[in-house]
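Written out below as structure tokens is the structure these notes cover.
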Amino acid sequence: MKKINLYAMLFFITPIFFHNSSAIDLDKNVIVPYKINNQDKPKGKPFLVPPSSYYNLTIKNASKYDKLNLYRNDDHCMYNSGEKSINLKAGDEKTQQIEIRNSVFSFPVCSQVTKSISWTATTYFNNKEYKSCYVDLNFSYNPFALLGPGMGWFYHVNTQEGCGLEVSADCGGNNCLNNDGTLITDDYNITITIKDDKNSESPRITSPKSGTQLSNNYTTILGKGLNEDGSLPEIYAFVWSETYPTRSTGDGDNWMAQIWWPCYIKSDIQIKDVVNAGVMLFGPWCGATITSMQDGQTIPAGKYSLSGLVNSDTIDESKRMQVKITGYNRDGSIYLPTKNYTPTVDTDTGRWSLEDIEAVCSIKYKASSSVSSGYIDTSGMPGLPEVNYSVQSCPAKITSPKPNSTVGNNYITVSGKGHSEDGGWPDLVTSFDSNSYSTQPTGDGDNWTAHLWMPCGITGTVSIADMENSGVTFNGPPCGETITSMQDGQTIPPGKYSLSGRINSDTADDEKHMQVQITGYNRDGSIYSPAKSYTPTVDTDTGEWSLEGLEAVCSINYKAQVSDPSSELQATHQSLLPGGMSSVDYSTEECSVKITKPKKEERISSGTENTQNIPIEGTVNNDIIVYVSYDTNDSQSPAIFDNGYWSYEAQDVPMGFITINAVGKSLSGELLTNEKDKVVILSSKIFSVVPEKDSFFTLFNGTAMPTITDISYMDLNVYVEISLDGFGLLEKAASDENGDWKYGYKNYANRGEYIFIFKEESDDSDDYAGRGEKTFKCTGSDRGMDCVAQN
């Protein structure tokens, strides 16, 4: 058995030597690549040698967007394995010739040995490794296929487990990937196609192009492509050292971002985490221009607008840009002094607009735009920073009153717009007098007004002097005088009151002599005060009159009447003034004892002493005597009476809640049980803070509302919050029953400044809220702190 095996081995070894010697001779004769691939296999070529030593290897990058690198890790029994590293863009391919080795008398021995090349294929997304795969090309020998085509040699491509790429292989027109391979016959072409699964390209900026000078600050950056995880990329702006998000445009994987770019600045923007994906941009020209108006342009009168462009260093500067407009008469004199406007600025587009400007007939204008920024140069911007323009001439016309309308009072205002033919303001004439009235500009465009007196009850016409068909005919005001501030039958409280109303007459002098007559009556109809005539104040511009300082006494009825001198014109035109009445009856309330001062729960503070005097006032009917008492003075004292009013001064009132009683008695001293009033007040000290020096130390004390406990009315807890700026609350110092408080700590500082804040607080913030804060600035020195009030 051993002898048989030995003979068999010698049988196979002997042909191998002959085979390799022939292969060596063949390899030495190969000089021109590729030609041998197109030649017929030489006759008599020994078995066990591959049909060819040269092969055309094509690598294709079939990825949609990503780059491919094919790096040769190793080879075996190869004379030429191609380039060490191959880089292909998406869709590119590369073909190169490789040469196998069949030598037997060299190391390694390559006869009947598999020849191979091993690569690592890697695709790159965002210039970073994305997916990879190990790819092997093998030329193998199968002795069982020795007598067939190819003399038992196969070529095939293998990928290792875990390959992250899609690989296909074509060997001589057949699929040779991860299988037994293809017999090598007459086709010596090998194609390996590699692609990854990425269907979106790496993020890149598509607009603006690198080197662009921007047209406005708020720049739109356009781009395409997504991050590896499918998310939108972020933009990093070196000009601000900030990152900006992008948002989809809604068109595939296109995206956009917006960045504020200062004037003139040269800087880069970069896609975050993407290498070599940046562009360099130049900031826009800086300044403000007017684009909506041409220099020398003529526009119609009325409302118009201006608009233009603005670029600056910051958004706030753009928003504060100014437009100045000056109006000039035809003779060059100033019609409208320079006026500054702050237009509406769209910082997204760099456009500004100024709406509802009034263009007055025959006026010339100069408009200029400006923005505060570092360096202004508008030479590269559309439009001009300053333009001159003029307005067409417009004829004058009356706009108010309207034809056939009725004016409300004698002193009327006639309004109009436009200029006379000579460019000046027009004059007015009327059908009801021989005067000529000058018009005055209102300051609002070419609008003007004139004021004139028109008698009541007539129909008249107002026209523009020297202009035909310019008149407006309307009705004069109704004649008469009325009381409008008091309704007939109205009841008013006793005390001071006023009357007012309206008047229209024939002349202004008639109005100034109108009269108001007032008579007072007791409840039984007898006269309390005889009729008295008053001359009210009359505003002839508005036709309104007023009478101030009238006195209304409790339980009295009044009648008021108005009248003015009669005239022939008023007698002829019996129109009546609408609204109000020429005579009204009114009365006062039934009075009883009433405390009007101080008010219920009022806080009375007059100083820092433990007692204070408090004035008390009220109202009362006639024939009633008022007696007043308060907590510390149970005995009743009579008040001073003056025509329905009474007054009294409480002496030495202590701190705390004080009940004030007022009762009415008849002239005979009989107590009137229904005539009484009562109020409870808080007698308090003012809120004060006093810094005092004690040797080198500073003490704080002062006054506030008193703390009140154990009484039947209510408790009141008062304290002063003491804070030090920068350190917060130091202490809450409670006030005592007299309203005195003291900060329990001594304070010392030999340098620095300190702000002490004292705030009065109570537990009844609705009725007795604290009275604000007091601030002291204390400066430390060798003598201790010196404190000065700041408010």
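The values are calculated or read from the model by the stated rules, or taken from the named source; none is laboratory data. Everything quoted here is computed from the prediction, not taken from an experiment. A quick note on method: Cβ atoms are made from the backbone with ideal geometry, for glycine too, and the neighbour counts reach across all protein chains shown.
A few points about this structure:
- Among the residues of the range 745-768, those identified as small (G, A, S) and in contact with a strand residue (DSSP E or B) (Cβ under 7 Å, 6 or more places away or on another chain) are A749, G752, S762.
- The set of residues in the range 443-499 being within 30 Å of I357 (Cβ to Cβ), of a type in the set (A, V, I, L, M, F, W, C) and out of contact with any Leu (no Cβ under 9 Å at 6 or more places or on another chain) consists of W448, M467, V472.
- When residues of the range 62-92 are limited to those that are among the polar types (S, T, N, Q) and outside any strand (DSSP E or B), the one nearest to I117 (Cα to Cα): S81
Results for (1) out of contact with any Leu (no Cβ under 6 Å at 6 or more places or on another chain); (2) part of a strand (DSSP E or B); (3) closer than 15 Å to P691 by Cα, shown as yes or no for each residue.
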| residue | (1), (2), (3) |
| --- | --- |
| G726 | yes, no, no |
| L729 | yes, yes, no |
| D736 | yes, no, no |
| W741 | yes, yes, yes |
| N750 | yes, no, no |
| E761 | yes, yes, no |
| A769 | yes, no, no |
| G780 | yes, yes, yes |
| C787 | yes, yes, yes |
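- Residue within the range 93-116 that is in contact with a His (Cβ under 8 Å, 6 or more places away or on another chain) and not in a loop (DSSP other than H, G, I, E, B) present: yes
- Leading residue by the ranking (surrounded by the fewest Cβ atoms within 10 Å (Cβ to Cβ)) among those in the range 235-267 that are over 24 Å from S318 (Cβ atoms) and touching a Gly at 6+ places or on another chain (Cβ under 9 Å): N254
- Pairs meeting the criteria (first residue in the range 165-178 and under 14 Å from L57 (Cβ atoms), second residue of a type in the set (G, A, S) and in a strand (DSSP E or B), beta carbons under 6 Å, at least 6 apart or on different chains) are C176/A169.
- Restricting the range 664-676 to residues that are surrounded by fewer than 20 Cβ atoms within 10 Å (Cβ to Cβ) and within 14 Å of S629 (Cβ to Cβ), the residue that is modelled with the lowest pLDDT: K676
- Residue count for the range 183-202, restricted to those that are among the polar types (S, T, N, Q) and more than 19 Å from Y130 (Cα to Cα): 3.
- Positions within the range 268-291 being surrounded by fewer than 17 Cβ atoms within 10 Å (Cβ to Cβ) and polar (S, T, N, Q), in sequence order: N276
- Selection from the range 220-241 of residues that are within 13 Å of D268 (Cβ to Cβ) and not aromatic (F, W, Y): I221, I235, A237, V239, S241
- Residue selected from the range 500-545 under the condition of a type in the set (D, E) and more than 19 Å from G457 (Cα to Cα), by the criterion surrounded by the most Cβ atoms within 10 Å (Cβ to Cβ): D539
- Test: T709 is closer than 20 Å to P654 by Cα, surrounded by fewer than 19 Cβ atoms within 10 Å (Cβ to Cβ) and hydroxyl-bearing (S, T, Y): yes
- Residue in the range 588-598 that is part of a loop (DSSP other than H, G, I, E, B), at pLDDT below 90 and small (G, A, S) present: yes
- Selection count where residues are under 13 Å from I660 (Cα atoms) and part of a loop (DSSP other than H, G, I, E, B), scope the range 599-620: 4
- Neighbours by Cβ (under 8 Å, 6+ apart or cross-chain): first from the range 73-88, basic (K, R); second surrounded by fewer than 19 Cβ atoms within 10 Å (Cβ to Cβ): K84/Y71; K84/R72
- Single unsatisfied condition, D229 versus (1) of a type outside the set (K, R); (2) surrounded by fewer than 18 Cβ atoms within 10 Å (Cβ to Cβ); (3) under 30 Å from the mean Cα position of the chain (by Cα): (3)
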